[in-house]
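Asks: Before I ask anything, here is the structure I am working with.
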Amino acid sequence: MKHFFTTCKAACLAAVAALTAACGSEADYRTALPADAFVTMSFNPAQLAAKSGMGDMSQHPLCLRIEKELNGMEGLSAEEKAYCLALLKNPEETGIDGSRDAYLFLSPENLSAANPVVRGGMLLPIGDLTKFETLIDRINTRSGSETVREGELSVVRIGEQEGVSGLCAYDGAACMLYFAQDAYEETLSRVKGLFAQKREESLVGNAAVERLFSEKNDINVAVSYGVLVQENPMLASLPMAGALEGVKALGSVNFEKGRIVADGSMAFDSKEAEEELASFYTYVKPQKGSLLKYAPASTVAALGCGLNGSELYAMLSQMPGYGMLLANPMVKQVMDAFDGDLLLLFSGMLPGGSYPVASLLAEVGDPSVVDQLVANLPGMPLVKTGEGAYTVSLGTLSAFFGVKDGVLYFTTDAAVKTALDGTKIDAMAGCDEVFAGQWSSFCFDFKGLNALLGTLIDVRAPQAAVGMTLLGMFDRMEAWGAKDGGKVVVEMADKERNALETICSTADGLIREALPQE
């Protein structure tokens, strides 16, 4: 058991090294990345460490606790303790090059809901092979494992458990930790193939993916829809499966002063793939932002999109399982009426906290859609209050329903109804860019959520206090997407520090509070 914990601590120290080490060789180790991965993520350890603002990690309470436990271990010699502490204080001694990106990847064998099977691992660049082999030799000595030469690779067999086999393989350029639900020999053969493959056979053989992973972002992510479709029977049965075969979603995340910025785009294997996917999404169109004047400034969350109801009905008609729902002629009549912006709002809670204050607004080309809906809702407690206007009572919940100036609405928010009736209200500000011209948009007010939660829960409870502290780091989030990509911006409450430094310092404070005092 002592050997097990010693090995775990050594592995943890190696992970710390991967996050903070610097300098190393420039060999392009990325050619070992599997082209059949459905998701691959890269992160730059040195870049993230610099932005974290954590300073000397050897003085962090967790590191100090590890140091104390190491010193108290009877099974470790003084020399072994000194080596582990040296790694803790100088992670670059592991030989891992933290100045270049590390990669996490997952490849599918079968993504069926009943029995999903995936394989994957982590690819790390080696900066100093001698130091890295010293680390591996020490781990082998403590764990009873051994390094075996397999052609150009050195391989350490991690072991098998419940059908999963794992290994650590490395050459002079990179180390790969790999796990699969296969026999060890098959896993080893697969890893050998990854190290031996040519650039054009690897993931970075795709020009768009290679460009993404060459950018100096904090985090990069590539998702292959084609691989997901091929390995998931449910997705493969959808009409859009063919359109997704040649599509990859590419994204990046960067921690900046006072905010987190994520960018996304679509990469297509061919012009035909791009045109095929575009033909599927004809039911979405750019928003005008004309419904924002009905959204109160107190809105906590707003979700919007531009919608062509006729095209949406046509798309759903092709989807399995929608036959009975769409067979009703009224459904087509209602959906055909939707033509323009759609906006879903959440503003708070009704008195007593029993129901959310929410609104659904949609531009419609045919105002008579409200009459069609009323005619097909027999038994509903509807009371007509005017031309195209109704109130609905469901228990203690009262809502407004109707059509006004081409806007179909259903709302429990009196302020929204006031705005619909022509009174100017204090509406959401600064969101025009997020909504106008975009296919879909989302705004979230973290401060508003905190204020709302403060009225609903006991913020003095330990669990609630931790949650409120975490939420308190953020100000608001805005996200939008269109044909050529999308963007997410998370504004931090602290505008003066890097966002990652705010996150790390907050987490550090919570860790210090959670650790028992000695």
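The values are calculated or read from the model by the stated rules, or taken from the named source; none is laboratory data. The model shown is predicted, which means the values in this text are computed figures rather than measured ones. Cβ sites come from the backbone with ideal geometry, for glycine too, and all protein chains shown count toward neighbours. When the accessible area is computed, the model is the full protein with side chains, heavy atoms only, and any ligands, DNA or RNA have been set aside. Shrake-Rupley method; radii C 1.70, N 1.55, O 1.52, S 1.80 Å.
Asks: Relative to the longest principal axis of the chain, what angle (0 to 90°, nearest 10) does the C-alpha long axis of helix 78-89 take?
Replies: So the helix axis and the longest Cα principal axis differ by about 40 degrees.
Asks: To the nearest 10 square angstrom, how much accessible area does D336 have with a 1.4 angstrom probe?
Replies: 50 Å²
Asks: A further question follows. With a probe of 1.4 Å, find how much accessible area the chain has per residue, and write the answer as a whole number in Å². Can you show the working numbers first?
Replies: Numbers: 25260 Å² over 518 residues.
For the chain, the solvent-accessible area averages 49 Å² per residue.
Asks: Then there is this: What's the whole-number percent of alpha carbon pairs in the stretch 418-464 lying beyond 16 angstrom? If you can, show how the numbers build up before the last one.
Replies: Details: 689 of 1081 pairs.
For the stretch 418-464, the fraction of Cα-Cα distances above 16 Å is 64 percent.
Asks: Loop-only trypsin sites (Lys or Arg not before Pro) in the stretch 462-512, please: DSSP not H, G, I, E or B, and at most 12 other Cβ atoms within 10 Å. Could you put the intermediate results ahead of the total?
Replies: On the way: sites: R476, K483, K487, K495, R497, R512; in loops: K483, K495, R497.
When the trypsin sites (Lys or Arg not before Pro) of the stretch 462-512 are filtered for loop state and at most 12 Cβ neighbours within 10 Å, K495 remain.
Asks: Between L510 and M234, what is the label-point separation in nm under the 7 Å Cα-to-beta-carbon projection?
Replies: 3.0 nm
Asks: Restricting to DSSP loop positions (anything but H, G, I, E, B) with no more than 12 other Cβ atoms inside 10 Å of their own Cβ, which trypsin sites (Lys or Arg not before Pro) remain in the stretch 177-227?
Replies: Values: sites: R190, K192, K198, R199, R211, K216; in loops: K198, K216.
Hits after loop and neighbour filter: K198, K216.
Asks: To continue, here is another question. Ignoring any ligand, DNA or RNA, what whole percent of the accessible area of the chain comes from carbon and sulfur when the probe is 1.4 angstrom? Please report the intermediate quantities before stating the final value.
Replies: Details: 14720 of 25260 Å².
Ligands and nucleic acids excluded, carbon and sulfur reach 58 percent.
Asks: Size of the chain along its principal axes in angstrom, Cα-based, largest extent first?
Replies: 86, 56, 38
Asks: Local charge sum around I96 (other residues, Cβ-Cβ under 10 Å, Lys/Arg +1, Asp/Glu -1)? Mind dumping the intermediate values first?
Replies: Working: positive: R100, K131; negative: E92, E93, D97, D128.
After counting each charged neighbour, the total is -2.
Asks: Relative to the present Cα-Cα distance, how much length would full extension add between K192 and Q463 at 0.36 nm per residue of separation? Walk me through the numbers on the way to the answer.
Replies: On the way: separation 271, 0.36 × 271 = 97.56 nm, distance 4.74 nm.
Contour length minus Cα-Cα distance gives 92.8 nm.
Asks: Using just the helices of the chain, give the 222 nm mean residue ellipticity in deg cm²/dmol: DSSP H runs with n ≥ 4 each add -39,500 (n - 2.57), and the total is spread over all residues, rounded to 500.
Replies: -10500 deg cm²/dmol
Asks: If you don't mind, there's one more thing I want to ask. Helix 61-72: angle to the longest alpha-carbon principal axis of the chain, degrees 0 to 90, nearest 10?
Replies: 30 degrees
Asks: Just how much of E152 is accessible, in Å², when a 1.4 Å probe is used and the result is rounded to the nearest 10?
Replies: Roll a 1.4 Å probe over it and E152 shows about 150 Å².
Asks: With a 1.4 Å probe and every protein chain left in place, tell me how much accessible area S265 has, in Å² to the nearest 10.
Replies: It works out to around 50 Å².
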